Amino acid sequence: MVAVSGGPDSTALLVSMHEAGHELVAAHYDHALREGSEGVARQVAELCARLDVRLISERRTEPMPKGSLQAGARQLRYAFLERARAECAAETVALAHTADDVVEGAVLHLLRGCGIAGMRGMPARRGHFTRPLLNVWRKDVRAFLVERGLEAYADPANDDLRFARARVRHVILPALERDRPGLTARLYGAAMAAARLQERVEDEGSGLLTPDRLRTMAEPAAAEALRQLYSGAGGPAPGLSRAHIAAMRRLAEPGRGGRGVDLPGGLRFRIVGELMQIVSPRPANHGLPRLDAKACSGCDEAGAAHLRAGLQLRLAYRTPGLRMRPVGGRGSRKLQDIFVDARVPREDRDAWPLVFAGERLAWVPGVALDAEAAGRLGEAGMHITITPMPVNPAAKVVRLENPPGDLS
């Protein structure tokens with residue numbers, strides 16, 4: 001599937017792939033942001049009809065997302081492309097970014113501050129999306145269209161200096177090129193070198209990641225691995241700062257498990273044993289789980305508790321001052337200390353369901369059973385389960401995939 005805006009780059013991409021004999025579907029999204037956009041959609045439809053290429057098109061009817069106009073348009077456009085890809089069962093979505101876009105993206109990222117990934121300008125591939133024209137310059141695209149007598153839509157937004165990319169394209173890069181002829185090509189070469197280095201970093205940072213391994217990784221690889229973890233947890237752009245990365249790496253040092261680092265988007269990074277997680281510290285309110293009880297004289301079912309018969313049971317969450325005398329322990333203990341010893345992360349404790357016998361804490365599922373409430377083997381008692389059962393993080397590793405990169 002080829003994403004076709006109607007501009008020169010995407011028009012050339014569609015025509016060139018058609019000439020190369022690919023089985024194609026075109027996809028056009030009308031952002032409905034300026035007068036006459038429906039005319040561009042008609043031009044795209046006419047071109048697809050001449051090429052005998054199926055077209056999937058859509059015009060925006062929903063409100064624009066809050067924030068940056070360009071970011072909101074990009075969000076809606078990519079959501080449409082995902083829907084269109086699913087509709088036509090396309091394996092790949094081709095985007096028409098060129099070598100000029102690589103340079104402009106790299107400069108934009110450098111102006112904001114970036115690492116190796118940002119210096120690439122944009123990745124050549126991300127998931128189903130691919131950019132086959134990243135080694136083609138815009139002047140070559142224009143020559144391609146002229147040779148075939150094709151005219152494409154010139155988007156006025158590309159010349160609107162209110163937008164940062166337009167300022168880079170029409171002001172910053174021309175000034176740099178005048179002062180240092182050939183600089184644009186050298187920036188492109190630097191971006192390609194950064195892309196190759198990023199691939200090596202991703203290869204090193206993907207796979208099984210533990211605190212021990214994180215400590216042995218070179219700084220770029222460790223930073224990329226942590227950014228992947230953050231992105232996979234739904235972390236919002238612009239992402240992690242160098243200060244966040246440094247704090248997360250410090251947390252991975254020996255003896256610091258169980259604490260955490262607050263991250264953008266209301267997320268928190270924590271290490272519990274050998275488990276590295278990024279979680280939301282605000283427990284979701286899904287209501288109480290289901291409490292089931294049946295007669296039993298004792299069994300070895302995992303996840304169940306056996307309590308004395310006749311107790312009036314109820315479910316609740318923790319409140320200040322709760323205590324119990326755990327089976328196998330000595331004396332009464334604070335629930336807080338029981339959670340700490342069981343290495344239950346603090347972000348999970350308020351949402352951990354508790355079983356009470358009257359006002360007495362009888363069972364901390366998966367953690368501790370009160371000696372006073374516990375049933376005795378061979379005597380009639382109650383077999384207690386709750387659904388869903390809370391799970392204390394027990395996995396030892398986190399598997400990371402290659403990062404999604406940047407969809408400009």
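In a Gaussian network model over the chain where Cα atoms closer than 10 Å are linked, find which of 311, 369, 134 has the largest mean-square fluctuation.
In the Gaussian network model the winner is 311.
Kyte-Doolittle mean at least -1.0 and Cα extent at least 24 Å along the axis: which DSSP H helices of the chain qualify?
Those that clear 24 Å and a mean of -1.0 are 69-88, 183-205.
Mind telling me which of 102, 391, 261 comes out most flexible in a GNM of the chain, alpha-carbon contacts under 10 Å?
It is 391.
Extent of the stretch 286-363 along each principal axis, from alpha carbon coordinates, in Å, largest to smallest?
35, 34, 25
Which residue, 337, 100, 155, tops the fluctuation ranking in a GNM of the chain built on C-alpha contacts under 10 Å?
Highest fluctuation among the options: 337.
Starting from the Cα gyration tensor of the stretch 75-148, multiply each eigenvalue by 5, take the square root, and state the resulting semi-axes largest first in whole Å.
23, 20, 10
Using amide H atoms built in the peptide plane, which far-off residues or other-chain residues are under 5 Å from residue 296 H to H?
381, 382, 383
Would you mind computing, in nm to one decimal, how far apart the modelled labels at residue 340 and residue 125 are, each placed 7 Å from Cα along Cα→Cβ?
Each label point lies 7 Å from its Cα, and together they span 5.1 nm.
Could you give the length gained on full extension between residue 262 and residue 180, defined as 0.36 nm per residue of separation minus the Cα-Cα distance, in nm?
25.2 nm
Taking amide H positions as placed in the peptide plane 1.01 Å from N, state which residues far from residue 56 in sequence (5 or more) or on other chains have amide H under 5 Å from it.
Placed amide hydrogens put 26, 27, 28 under 5 Å from residue 56.
If one computes the Cα centroid of the stretch 323-395 and of the stretch 122-179, what distance in Å separates the two points?
The stretch 323-395 and the stretch 122-179 have Cα centres spaced 62 Å from each other.
PRE reach from residue 323 (point 7 Å along Cα→Cβ): which of the stretch 341-368 fall under 13 Å by backbone N?
Hits in the stretch 341-368 for residue 323 at 13 Å: 361.
FYI, it's all coordinate maths here, none of it is from the lab. Every value quoted in this text rests on a predicted model; they were computed, and no experiment measured them. Cβ atoms come from the backbone with ideal geometry, glycine included; neighbour counts cover every protein chain shown.
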